[in-house]
Amino acid sequence: MPSLPKFQLLGALVAATALLALPAAAQATLTYVKNPMRPAVFAAADNGSNAQRIDSGSNPRVSPDGQTIAYRHEGPGHAQELKVAPAAGGASRTVMAGLQDSFYIAFSPDSKTIAALRGPELGKRKLVLVDVASGAQRVLASGYFSGFSFSPDGTELAYSVAANEKYPPHSDVYTAPTGDGQPVKITHDGNSQDPLWGPTGKIVFVKLLGAKTRKYGPKNELYLMNPNGKGVKRLTHTKVDALLVGLSPTEWSANGKKLLAEFQGQDTSYAVTVNPQTGAQRPLDRMGDGEQGFVGAALSTNGATVLGFTGGFEPGSDQRVATIPYGGGKVKTLVKKAFEPAWSR
């Protein structure tokens, strides 16, 4: 094979170096947080390599195309901001002031829009769609929210909202077009929340059960329904002890055959796999539970791998961003002393 001229060889080396610097170019992007006392957001390839610091902040999310990191940033006077930055490195931008409940940040499937909550520290929030490119905002609804999720084609958003902050929340699920149109209420029982839109025309959501019979409040059980609110079916039957809450949905696989959920409660958070057909469930990390269990964060598109972190849900020096097979197996560490991961894999 003939050798390349020097200028072509130099160009090839520069191009290769640039590709290595872009975690999303050859493989998916991973983002996470380090240093719980002074949290900072990082981006890397999905195996943890080629890591680089993005900015101070927390609760990062990566766009489906792997190009953009959205995260909570503390601005002047401790003001909470929604910022975005290129995953490959570069200047960050504030796209929304007044960010609240930043664990609910979500990208649209086309990576062009972010759904987030805006408002005062106390009181009602506004559910806002933020255009990533321009920062333009559109308010969809107002109230006290407990989860939202884009439809697979990005044309609608499912969300749950209550009119006040009483506990247990008197919340219902709505759908709203991301373009023009009005929200539609699709549940009417006052105990439905945390909708997660699936790829096969189903929404999994939480019903709060036993509010009047359980001493410390209701428990969560997963249900399925159609996007119009019809065909409601109970999916899980879960033993939930006192002071524990139960299951909340985390992510579907692309084919809709696998579902990741999180079992939560006082001093407790660990990943659970749920069969969307039968409701059968299994904790992913059988060696640990509660504070030291494997905390789930995301499910790979093909449903084979769960991303999360070990060392308990409270930030600390022992936490590690890691993966575990959906079917169970060995935990693989990706990043030491890190937590709050997300990826585009």
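The values are calculated or read from the model by the stated rules, or taken from the named source; none is laboratory data. These figures come from a predicted structure and were not determined experimentally. Neighbour counts are summed over all protein chains in view; Cβ atoms, including those assigned to glycine, are modelled from backbone coordinates with ideal geometry.
Just a few scattered comments:
- The set of residues in the stretch 224-243 that are in a strand (DSSP E or B) and in contact with a Ser or Thr (Cβ under 8 Å, 6 or more places away or on another chain) contains only MET225.
- Verdict on ASP267 being on the phi > 0 side of the Ramachandran plot, under 22 Å from the mean Cα position of the chain (by Cα) and not small (Gly, Ala, Ser): yes
- If you go through the stretch 108-128 and keep only what is at positive phi and among the polar types (S, T, N, Q), you end up with just SER111.
- When TYR270 is tested against (1) more than 26 Å from THR301 (Cβ to Cβ); (2) surrounded by 20 or more Cβ atoms within 10 Å (Cβ to Cβ); (3) without any contact (Cβ under 8 Å) to a residue 40 or more places away in the chain, only condition (1) is not met.
- None of GLY77, GLY143 is modelled with pLDDT under 95 and either closer than 26 Å to ASP194 by Cβ or surrounded by fewer than 20 Cβ atoms within 10 Å (Cβ to Cβ) (or both) except GLY77.
- In summary, strands (runs of 3 or more DSSP E) completely within the stretch 44-141 and bearing 3 or more residues that are of a type in the set (D, E, K, R) occur at 125-131.
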